[in-house]
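*Asks:* My questions will all concern the structure given below.
The values are calculated or read from the model by the stated rules, or taken from the named source; none is laboratory data. Bear in mind the structure is a predicted one, so any value in this text is a computation, not a measurement. Positions of Cβ are backbone-derived with ideal geometry, glycine not excepted, and every protein chain shown enters the neighbour counts.
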2 protein chains.
Amino acid sequence: MARNSAETRRRLVEAADKLFYGHGIQAVGVDAVALAAGVTKRTLYYHFKSKDDLIAAYLDARDLPTLGRYQGVADGPAAPAAQQIERIFTQMETNARNRDWRGCSFVRAACEFAGVTNHPARIGAARHKKRFEGWLQDLLEGEGIKDAAALARQIMILFDGAVTQILIHRDTSYAQAAGAAALTLLQAHRVEKAPVRPPQRKGGARKA
Amino acid sequence: MARNSAETRRRLVEAADKLFYGHGIQAVGVDAVALAAGVTKRTLYYHFKSKDDLIAAYLDARDLPTLGRYQGVADGPAAPAAQQIERIFTQMETNARNRDWRGCSFVRAACEFAGVTNHPARIGAARHKKRFEGWLQDLLEGEGIKDAAALARQIMILFDGAVTQILIHRDTSYAQAAGAAALTLLQAHRVEKAPVRPPQRKGGARKA
DNA sequence: GTCTATATGCCGATAGAC
DNA sequence: GTCTATCGGCATATAGAC
């Protein structure tokens with residue numbers, strides 16, 4: 001049937017997501033993706049000009065939803081920065097406890113194609129991580145934190161580092177360790193860069 | 001020739017190291033490894049019972065040398081913890097600037113086989129990372145730092161997180177960001193857990 | 001737009017000679 | 001211990017019918 005091409009494409013990306021994330025991109029052939037989507041390989045190649053094209057669509061489809069999941073739990077009507085950061089790492093731990101959790105799809109894609117410069121997987125991974133770091137920066141700036149870019153970058157490092165350690169050791173407690181580190185950095189950052197409280201007579205703080 | 005079997009095996013592991021690290025494990029066939037080692041595929045299968053066996057040997061051969069490279073730069077006759085930590089991240093940046101640098105072989109191996117439980121690559125990666133974290137803990141304990149295990153874990157998270165970000169963005173400045181974060185955590189840890197100096201009446205912590 | 005059928009080559013692994 | 005030769009299977013991708 002010639003109708004509903006968009007739906008067929010959607011099912012292909014959905015099947016690719018399930019298989020690529022579950023078993024790895026290189027470990028899954030296009031045959032398996034087509035079979036899981038209920039179409040033939042030829043149809044897959046009608047919608048995507050190559051496997052690389054399908055990989056790009058797979059990561060692109062994950063970009064905003066992945067970010068949105070963290071935005072959804074972190075953002076509150078008036079949640080202070082510390083609480084939002086805490087929620088992010090708590091959500092990570094919740095995700096990692098799921099039986100089907102296999103780490104970060106973007107990090108894994110970048111690792112699989114670490115030897116190929118400008119591979120679509122590398123580009124998709126970089127875009128997502130930049131977006132995520134940018135969101136962290138906006139979050140911190142929204143709380144009036146100075147030099148939010150530097151702190152956002154450090155929290156981004158903690159985020160991916162924790163996900164990687166959890167994947168390697170199958171130990172979700174790395175999420176708590178990273179969350180605690182992020183809060184420590186936030187606190188230290190405030191003391192050093194932007195004391196919230198009015199300076200007292202004695203303490204070290206510099207004046208406003 | 002039947003002689004020098006150990007040398008043949010060494011050349012095979014060396015070739016595997018170069019190819020697996022450069023292009024990825026799954027992206028490289030055993031044919032290519034055998035060719036690079038100057039032997040036939042049949043000889044490879046005389047020395048290793050499977051590709052998985054070769055993968056295990058590849059990671060095992062990297063374990064101690066990788067750790068040793070960081071130990072070599074960090075350890076000094078009387079280097080304080082802060083300086084050792086700083087040297088570790090400086091070394092990371094130096095490594096990452098090399099043209100052939102492709103991230104952490106252990107993280108990448110774990111990512112490539114994230115869908116396979118108990119794969120030799122997963123086991124090798126976990127062992128190395130546990131050893132690395134243990135070394136960090138010993139380093140901190142040697143400096144009399146309390147609760148060194150928790151801080152070592154946080155620095156381990158920063159370490160792998162930074163390597164991953166550098167790989168994704170091709171931006172070595174993440175090493176500096178992670179190093180600065182590690183020093184902040186070390187400082188905060190000392191203040192909170194084990195003030196070295198007797199508490200003073202007034203606010204500020206340190207003096208000369 | 002989706003199908004059946006196929007092209008072409010590399011994959012990991014092995015048989016058997018020497 | 002190393003070789004030549006090859007197995008069976010699966011990889012990505014395509015030709016041509018409908």
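*Asks:* Which of (1) within 14 Å of DNA strand D (Cβ to nearest atom); (2) under 25 Å from residue B:108 (Cα atoms) does residue B:18 not meet, given it meets every other one?
*Replies:* (1)
*Asks:* Any residue at all in segment B:141-154 that's assigned to a loop (DSSP other than H, G, I, E, B) and free of Cβ contacts under 8 Å to residues at least 24 places away in the same chain?
*Replies:* Checked against the condition, which is being assigned to a loop (DSSP other than H, G, I, E, B) and free of Cβ contacts under 8 Å to residues at least 24 places away in the same chain, segment B:141-154 yields no hits at all.
*Asks:* Could I ask something else about it? Is there a residue in segment B:143-150 that is within 12 Å of chain A (Cβ to nearest Cβ) and not charged (D, E, K, R)?
*Replies:* Looking for residues that are within 12 Å of chain A (Cβ to nearest Cβ) and not charged (D, E, K, R), one finds at least one in segment B:143-150, hence yes.
*Asks:* While we're looking at this one, here's another question. With respect to residue A:73, determine if the residue is of a type in the set (Val, Ile, Thr) and more than 30 Å from residue A:181 (Cβ to Cβ).
*Replies:* Considered against the rule, which asks whether it is of a type in the set (Val, Ile, Thr) and more than 30 Å from residue A:181 (Cβ to Cβ), residue A:73 comes out as no.
*Asks:* Another question, if that's okay. Answer with yes or no whether residue A:41 is surrounded by fewer than 16 Cβ atoms within 10 Å (Cβ to Cβ), of a type outside the set (Gly, Ala, Ser) and within 25 Å of residue A:116 (Cβ to Cβ).
*Replies:* Answer is yes for this residue.
*Asks:* Moving to a separate point now. Residue under question is residue A:70, and the condition is that it be within 15 Å of DNA strand D (Cβ to nearest atom), assigned to a helix (DSSP H, G or I) and either away from chain B (no Cβ under 14 Å) or among the basic types (Lys, Arg) (or both); does it hold?
*Replies:* Judged against the criteria, residue A:70 is not a match.
Table: residues versus (1) over 21 Å from residue B:176 (Cβ atoms); (2) within 16 Å of DNA strand C (Cβ to nearest atom).
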site: B:10; (1), (2): yes, no
site: B:42; (1), (2): yes, yes
site: B:49; (1), (2): yes, yes
site: B:61; (1), (2): yes, no
site: B:64; (1), (2): yes, no
site: B:79; (1), (2): no, no
site: B:91; (1), (2): no, no
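*Asks:* Condition check: within 13 Å of chain B (Cβ to nearest Cβ) and over 28 Å from residue A:17 (Cβ atoms). Does residue A:100 satisfy that?
*Replies:* For residue A:100, the condition - within 13 Å of chain B (Cβ to nearest Cβ) and over 28 Å from residue A:17 (Cβ atoms) - is not met.
*Asks:* Considering only residues that are in contact (Cβ under 8 Å) with a residue 40 or more places away in the chain and within 13 Å of residue A:160 (Cα to Cα), which ones fall in segment A:103-127?
*Replies:* Answer for segment A:103-127, where residues must be in contact (Cβ under 8 Å) with a residue 40 or more places away in the chain and within 13 Å of residue A:160 (Cα to Cα): A:103, A:104, A:105, A:106, A:107, A:108, A:125.
*Asks:* Before we move on, is residue A:187 modelled with pLDDT of 95 or more, under 30 Å from residue B:111 (Cβ atoms), polar (S, T, N, Q) and assigned to a helix (DSSP H, G or I)?
*Replies:* Answer is no for this residue.
*Asks:* So, one more: Scan segment A:114-133 for residues that are within 7 Å of chain B (Cβ to nearest Cβ) and either over 15 Å from the mean Cα position of the chain (by Cα) or among the aliphatic types (A, V, I, L, M) (or both) and report the count.
*Replies:* Residues meeting the conditions: 4.
*Asks:* Now, a different point. For segment A:33-52, what are the residues that are within 6 Å of DNA strand D (Cβ to nearest atom) and within 14 Å of another protein chain (Cβ to nearest Cβ)?
*Replies:* Scanning segment A:33-52 gives a single hit, A:51.
*Asks:* Of these, B:122, B:131, B:127, B:108, which one is within 17 Å of residue B:61 (Cα to Cα) and touching a Cys at 6+ places or on another chain (Cβ under 6 Å)?
*Replies:* Values: B:122 fails: touching a Cys at 6+ places or on another chain (Cβ under 6 Å); B:131 fails: touching a Cys at 6+ places or on another chain (Cβ under 6 Å); B:127 fails: touching a Cys at 6+ places or on another chain (Cβ under 6 Å).
On inspection, the qualifying residue turns out to be B:108.
*Asks:* Oh, and also: Filter segment B:1-32 down to the residues that are within 13 Å of chain A (Cβ to nearest Cβ) and farther than 17 Å from residue A:26 by Cβ and list them by number.
*Replies:* Pass one, segment B:1-32, residues within 13 Å of chain A (Cβ to nearest Cβ): B:18-29, B:32.
The one that is within 13 Å of chain A (Cβ to nearest Cβ) and farther than 17 Å from residue A:26 by Cβ: B:18.
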